[in-house]
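J.: Mind looking over this structure? Questions follow.
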Amino acid sequence: MIHRRIEKELGLIRQEFPVIAILGPRQSGKTTSARSVFPDYEYVSLEDIDIRQFAQEDPRGFLRTHPKRVILDEIQRVPKLFSYLQTHVDTLQENGSVIITGSHNFLLIEQISQSLAGRVGIVKLLPFSYGEIQVESSVDALLHTGFYPRIYDQGIRPWTFYNNYISTYVEKDLRQIKHIMDLDRFMLFLRLLAGRTGQELRVSSLSEQCGVSHNTITSWLSVLEASFIIFRVKPYHKNYSKRLVKHHKIYFVDTGLACNLLGIRKEEELSYHFLRGALFETFVIGEFYKEALHTGGSFDLYYWRDNHQREIDLIIERGQKVVALEIKRSETVHSKFFDSLKYWSTLSGHPIEDTCLIYGGDSSYRRSGTHVVSSKAIYEQIVSALV
């Protein structure tokens, strides 16, 4: 069994709140992690139709049947339970007594804020990180396969897995969050968005290409974020007396899903695909994003670009420490890769030693003060960047 980075955070938060909510996309490993970290807890799945009916019709009786130390899996299936959980855990007076899991951030956060404010600690679990699986494969194979646990646990072909995943997501999840009438247009939107991973978000362009309103695109984006399909990276908030780009950048949480939406059926197709660099950037920044969530949001992620198109792909801010990273898919390091990092260091006043170039090659070393890091050593770089 692969141990998840989130397990340490779960152990800590168990001592602080009566309810622990584990949120994340479908099949990211929430149930497995909950049962691994809390093996002595009773497990109750609200996907089971008989159990769900009992909880819906008699929530008080249902909770009395499971009085202490229980995992309630996929709790968004019975929203009514939230109103009764507040009184239930107040009566128990024990931290970490109820573990809830769910796939819909939008619905769960709304219910939690209304019913369990101050009583719940929230953790978010995304698919595997590279640091968790450490598989021996090419970068292109990694990008194409993605990181959903079932692919690795059961040997499912990526194309088959993601086809089914998309179908399930549209048919089951979206209809619970938003009433989307035109699924064909929504699927067009999803594919267009996959083609923009690693790019600035331009809502007006998506609106025009999909033939729907600006408000509809904004609503669909919020659904994808709430369902942990995409995430945004904000522009860095300090301008250093320069005119800056102010649009967010958009990234898919999983490169395998993005590849499927782009029609990339085999890893070999990535070697000549025009989005190969963007998908590599999505993978690298996704690794830092996962680490941020799995360790309780201990640092913030930004990008920086001025009006002359000078750009830093990723800026990590943790307290007073700021680390700048450039990301290049090339397996060979070229001197021009350091230009933006040097410019950033001079402009911002941050030392060149706090810069990093992550690339697609095999070796890691230091060059002109900058850390040059192989994508295969990305986990070690994540740890060192945060020290």
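The values are calculated or read from the model by the stated rules, or taken from the named source; none is laboratory data. Quick caveat: nothing in here was measured; it's all calculated off a predicted structure. Note: ideal-geometry Cβ built from the backbone for every residue, glycine included; neighbour counts use all protein chains shown. The accessibility values were calculated without ligands, DNA or RNA, using every heavy atom of the protein model including side chains. Shrake-Rupley method; radii C 1.70, N 1.55, O 1.52, S 1.80 Å.
J.: Let me confirm something: among Ser340, Ser335, Ser330, which residue is closer than 18 Å to Leu279 by Cα and either small (Gly, Ala, Ser) or modelled with pLDDT of 95 or more (or both)?
T.: Numbers: Ser340 fails: closer than 18 Å to Leu279 by Cα; Ser335 fails: closer than 18 Å to Leu279 by Cα.
Residue meeting the stated conditions: Ser330.
J.: For segment 281-294, check the following and say yes or no: at least one residue is in contact (Cβ under 8 Å) with a residue 60 or more places away in the chain, surrounded by 19 or more Cβ atoms within 10 Å (Cβ to Cβ), assigned to a strand (DSSP E or B) and of a type outside the set (Asp, Glu).
T.: For segment 281-294, residues in contact (Cβ under 8 Å) with a residue 60 or more places away in the chain, surrounded by 19 or more Cβ atoms within 10 Å (Cβ to Cβ), assigned to a strand (DSSP E or B) and of a type outside the set (Asp, Glu): absent.
The rows are residues; the columns are (1) open to solvent by less than 40 Å² (accessible area, probe 1.4 Å); (2) more than 22 Å from Tyr343 (Cβ to Cβ); (3) within 19 Å of the chain's Cα centre (by Cα).
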position: Leu221; (1), (2), (3): yes, yes, yes
position: Ile230; (1), (2), (3): yes, yes, yes
position: Lys234; (1), (2), (3): no, no, yes
position: Tyr251; (1), (2), (3): yes, yes, yes
position: Ala258; (1), (2), (3): yes, yes, yes
position: Glu269; (1), (2), (3): no, yes, no
position: Leu275; (1), (2), (3): yes, yes, no
position: Gly297; (1), (2), (3): no, yes, yes
position: Glu311; (1), (2), (3): yes, no, no
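J.: Limited to segment 252-266, what total is found for residues that are in a helix (DSSP H, G or I) and either touching a Ser or Thr at 6+ places or on another chain (Cβ under 7 Å) or hydrophobic (A, V, I, L, M, F, W, C) (or both)? First the steps, then the outcome.
T.: So the first thing to find is which residues in segment 252-266 are in a helix (DSSP H, G or I), and the list is 255-261.
This time we only want the ones that are either touching a Ser or Thr at 6+ places or on another chain (Cβ under 7 Å) or hydrophobic (A, V, I, L, M, F, W, C) (or both), so: 255-259, 261.
Qualifying residue count for the region: 6.
J.: Also, quick follow-up: Tell me, which helices (runs of 4 or more DSSP H) wholly within segment 122-226 include 2 or more residues that are touching a helix residue (DSSP H, G or I) at 6+ places or on another chain (Cβ under 9 Å) and basic (Lys, Arg)?
T.: Working: elements: 130-133, 139-145, 149-154, 158-168, 183-194, 203-210, 214-226.
Answer list for segment 122-226: 183-194.
J.: So, one more: Report yes if Tyr359 is aromatic (Phe, Trp, Tyr), surrounded by fewer than 17 Cβ atoms within 10 Å (Cβ to Cβ) and modelled with pLDDT of 90 or more, otherwise no. Give the steps one after another, and end with the answer.
T.: Details: aromatic (Phe, Trp, Tyr): yes; surrounded by fewer than 17 Cβ atoms within 10 Å (Cβ to Cβ): no; modelled with pLDDT of 90 or more: yes.
When the stated conditions are applied, Tyr359 does not pass them.
J.: Filter segment 112-126 down to the residues that are over 21 Å from the mean Cα position of the chain (by Cα) and in contact (Cβ under 8 Å) with a residue 24 or more places away in the chain and list them by number.
T.: The answer is Gln114, Ser115, Leu116, Arg119.
J.: Please give the number of the condition Gly319 fails out of (1) open to solvent by less than 40 Å² (accessible area, probe 1.4 Å); (2) on the phi > 0 side of the Ramachandran plot.
T.: (1)
J.: If only one of Gln93, Gln111, Gln86 is farther than 22 Å from Lys8 by Cα and open to solvent by 70 Å² or more (accessible area, probe 1.4 Å), which one is it?
T.: Working: Gln111 fails: open to solvent by 70 Å² or more (accessible area, probe 1.4 Å); Gln86 fails: open to solvent by 70 Å² or more (accessible area, probe 1.4 Å).
After applying the criteria, what remains is Gln93.
J.: On to the next question. Which one of the conditions (1) open to solvent by less than 60 Å² (accessible area, probe 1.4 Å); (2) out of contact with any Pro (no Cβ under 8 Å at 6 or more places or on another chain); (3) within 27 Å of Leu314 (Cβ to Cβ) does Gln199 fail to meet, given that it meets all the rest?
T.: All conditions are met except number (1).
J.: Scan (1) surrounded by fewer than 18 Cβ atoms within 10 Å (Cβ to Cβ); (2) not in a helix (DSSP H, G or I) for the single condition Gly11 breaks and write down its number.
T.: (2)
J.: Which of the residues spanning segment 241-255 are hydroxyl-bearing (Ser, Thr, Tyr) and modelled with pLDDT of 95 or more? Give the derivation first.
T.: Of the residues in segment 241-255, the ones hydroxyl-bearing (Ser, Thr, Tyr) are 241, 251, 255.
If the condition is that a residue be hydroxyl-bearing (Ser, Thr, Tyr) and modelled with pLDDT of 95 or more, then Tyr251, Thr255 are the ones that fit.
J.: In segment 147-158, which residues are touching a residue at least 12 places away in the same chain (Cβ under 8 Å) and either among the aliphatic types (A, V, I, L, M) or open to solvent by 60 Å² or more (accessible area, probe 1.4 Å) (or both)? Steps first, please.
T.: Initially, segment 147-158 is screened for residues touching a residue at least 12 places away in the same chain (Cβ under 8 Å), giving 147-152, 158.
Selection gives Arg150, Ile151, Tyr152.
J.: Here are some conditions: (1) over 26 Å from Ile229 (Cα atoms); (2) out of contact with any Phe, Trp or Tyr (no Cβ under 6 Å at 6 or more places or on another chain); (3) touching a residue at least 12 places away in the same chain (Cβ under 8 Å). Thr91 meets all but one. Which one does it not meet?
T.: Unmet condition: (3).
J.: Which of (1) touching a helix residue (DSSP H, G or I) at 6+ places or on another chain (Cβ under 6 Å); (2) open to solvent by 10 Å² or more (accessible area, probe 1.4 Å); (3) over 30 Å from Lys30 (Cβ atoms) does Thr346 not meet, given it meets every other one?
T.: Here Thr346 clears every test but (1).
J.: Sticking with this structure for a sec: Hey, which of the helices (runs of 4 or more DSSP H) in segment 22-68, taking only ones fully inside, have at least 2 residues that are within 18 Å of His3 (Cβ to Cβ), aromatic (Phe, Trp, Tyr) and in contact (Cβ under 8 Å) with a residue 40 or more places away in the chain? First the steps, then the outcome.
T.: Details: elements: 30-37, 49-57, 59-65.
Ranges flagged: none.
J.: Any residue that is of a type outside the set (Val, Ile, Thr) and more than 27 Å from Glu132 (Cα to Cα) - is there at least one of those in segment 95-105?
T.: From segment 95-105, those of a type outside the set (Val, Ile, Thr) are 95-97, 102-105; that's our starting set.
Remaining after also requiring more than 27 Å from Glu132 (Cα to Cα): 95, 97.
Scanning segment 95-105 turns up at least one residue that is of a type outside the set (Val, Ile, Thr) and more than 27 Å from Glu132 (Cα to Cα).
J.: Let me ask something additional. Give me a count of the residues in segment 362-384 that are open to solvent by less than 10 Å² (accessible area, probe 1.4 Å) and modelled with pLDDT under 90.
T.: Here the count works out to 3.
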